[in-house]
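The values are calculated or read from the model by the stated rules, or taken from the named source; none is laboratory data. This is a predicted model, so every value here is computed, not measured. Cβ: placed from backbone, ideal geometry, glycine included. Neighbour counts: every protein chain shown.
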Amino acid sequence: MNNFFKNEFLKIYKIELIFLCIFSCLTSIFILISPYLIQYIVDDVIIKKNISLLYIILIQLIVLYILSAIFTFIENYISEYLKIKIFKDKTTILLPVIIKNNGYFSSGDLLSRFTDNLRSICSLITNIIPQIVLNILSLIVPFLLMFHINSVLCLVTVTPMFLCFVLFFFLGNKIEKIEKNLLKSNSHIFSFLKEIFNIQYLINSYGILKFFTDKYDYKINKYQDELLSYAKYSSLTLAFECVLTGIPLLILIIFGTYLLIHDYLTLGNFIAFISYISLFFSPIMELGSNWVSYKSLLPAIDRIEEIYDLRLDKSEDNEKLICTEGIIHLEDVWFNYGKVNILRNCNIIFYPGINYLVGENGSGKSTILKLICKIYSPREGLVKVDNQDIKNISRSNLSKHIGIVFPDTYLFEDTIYNNIVLGDSDIKIDDVISICKKVNIHNFIISLPNQYDTIVNEDGNNFSSGEKQKISLARVLLRNPKILLLDEVTRSLDNQSKKEINECIFSLKDEKTIIIIDHNLDEKLCEGNIINV
């Protein structure tokens, strides 16, 4: 059990886990004690015909049964509560980490980690660990009671348990290795399916369905082989369970019958022993299964820990940016995607006013904008704003001074108003209206039946590209950043929308540092600084 799991899960939820284990054990009180009481019913009630003792034992059995039912209710309630609490707490912590460190994992991989792997850890804490504690208790109590009944018979029948421990230890380690490969393959399939769903129109238009189905067949066949390997070892576990369960019963029948015939054992003792043997070896089998389950869940812990490592490695400082002029300086910046260098020893200065960033596709124009607003960090070199290294500035503070508009608009399913204010309760409706007038979207909004309360559909598909881009520009300008980064914001827009957005941008040239990426740039008509990369 690694330190991450101990510190981030077991220590934090130890009180709830302790109560869960206690009530999990108490739920078995009826099962563990009832065979002992049945022994007295056979030897002292039936054989000795002691009816008064029967009533006492029946009352005890009823009380035990009621208590077990109450404890079962409490145990299940605590289990569900703890499962929900862990998932809520950890997703609240992990979501900002994932968003801030986009690009480290594929979308499918993140979805797999964020849901399946985290739920597996919840299951480990709320189900597997309490069950292991219960299994251990369910071994100790029957063993002590069998030893009390007949020590020799007890030791002879429980000997095969040591073989179980060796077997399940080996199978658990083997399954852990297979599970790691399964999780990787599962995340690859998630990512691949997400990619296919996003480009299905391209696939159909180019008639390349077979190319992608062949790729899927390769991935799913690999996943199938790993699943079958997992099934083989888990099936071996079940097969050995059947064998090892029969051995002690066979020993008990042979040796126990001999002791019973020669009066070393009463009939009640023998019946109780049969019950306790079943109770004793059942938790051994469950302990083995739970051990295998525990080992198979360890890779899920490692995958969640990798996201936590991003939080630790990418912690932000608390320095605040003082942005008065808005001069941006890239000094000897190097940046690469994997092994491909995008920027090599890049030195650029952007001054207040309009700056055009031009270059071939893949030259690093969009990368430069993402470096400036700290979506990416340079491998080497410095990115400075008004002579301050943004490496030491938190993203939340940097976003107050730097606004970016992407070529693809990002609208979410909510009202137009909420898409613009983005949860900032301090923004007033008058300010929103003023900005929307500035970007020429106000008249369109008030023409809608619900005006600013109109719901934006998924991906904003109930609006045109120009309308979506104006809403996206309005949300940035509302925060009045000193630096404005525009990445092909008029791409795929009609001429009228381009004209209106450009007019809005040019009206800000005396107030802000504006960097524009535009592939259709006519340098003869440009007013501003043109930078080639």
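Of all residues in the range 362-383, those satisfying the criterion of being surrounded by fewer than 16 Cβ atoms within 10 Å (Cβ to Cβ) and without any contact (Cβ under 8 Å) to a residue 60 or more places away in the chain are Gly362, Ser377, Arg379, Glu380, Leu382. Evaluating Phe412 against the criteria (1) modelled with pLDDT under 85; (2) farther than 22 Å from Lys498 by Cα; (3) more than 30 Å from the chain's Cα centre (by Cα) leaves one unmet condition, (3). The set of residues from the range 152-172 being at pLDDT 70 or above and among the aromatic types (Phe, Trp, Tyr) comprises just one member, Phe170.
Of the residues making up the range 335-392, those that are more than 17 Å from Asn532 (Cα to Cα) and assigned to a loop (DSSP other than H, G, I, E, B) are Gly338, Lys339, Pro352, Cys373, Lys374, Ile375, Tyr376, Ser377, Pro378, Arg379, Asp386, Asn387.
Considering each of Leu54, Leu58, Leu82, Leu64 in turn, give the residue that is modelled with pLDDT of 85 or more, in the same structural domain as Ile22 (by TED's automatic domain parsing) and surrounded by 12 or more Cβ atoms within 10 Å (Cβ to Cβ). Spell out how you get there, then give the answer.
Values: Leu54 fails: modelled with pLDDT of 85 or more; Leu58 fails: modelled with pLDDT of 85 or more; Leu64 fails: modelled with pLDDT of 85 or more.
The conditions single out Leu82.
Summed over the range 67-79, the residues that are surrounded by 15 or more Cβ atoms within 10 Å (Cβ to Cβ) and of a type in the set (Phe, Trp, Tyr) give a count of 1. Restricted to the range 173-202, and to residues there that are of a type in the set (Asp, Glu) and at pLDDT 70 or above, the residue that is surrounded by the fewest Cβ atoms within 10 Å (Cβ to Cβ) is Glu195.
The combined condition, being in a helix (DSSP H, G or I), surrounded by 15 or more Cβ atoms within 10 Å (Cβ to Cβ) and either modelled with pLDDT under 80 or of a type in the set (Lys, Arg) (or both), is fulfilled by Arg113.
Checking each residue in the range 404-423 for being of a type outside the set (S, T, N, Q) and without any contact (Cβ under 8 Å) to a residue 40 or more places away in the chain picks out Asp408, Tyr417, Gly423.
Picking from residues in the range 402-449 that are polar (S, T, N, Q) and at negative phi, the one that is surrounded by the fewest Cβ atoms within 10 Å (Cβ to Cβ) is Ser425.
Within the range 487-533, the residues that satisfy the criterion of being modelled with pLDDT of 80 or more and not in a helix (DSSP H, G or I) are Asp487, Ser507, Leu508, Lys509, Asp510, Glu511, Lys512, Thr513, Ile514, Ile515, Ile516, Ile517.
From the list Ile304, Ile354, Ile348, the lone residue that is surrounded by 12 or more Cβ atoms within 10 Å (Cβ to Cβ), in the same structural domain as Lys184 (by TED's automatic domain parsing) and either in contact with a Leu (Cβ under 8 Å, 6 or more places away or on another chain) or modelled with pLDDT of 75 or more (or both) is Ile304.
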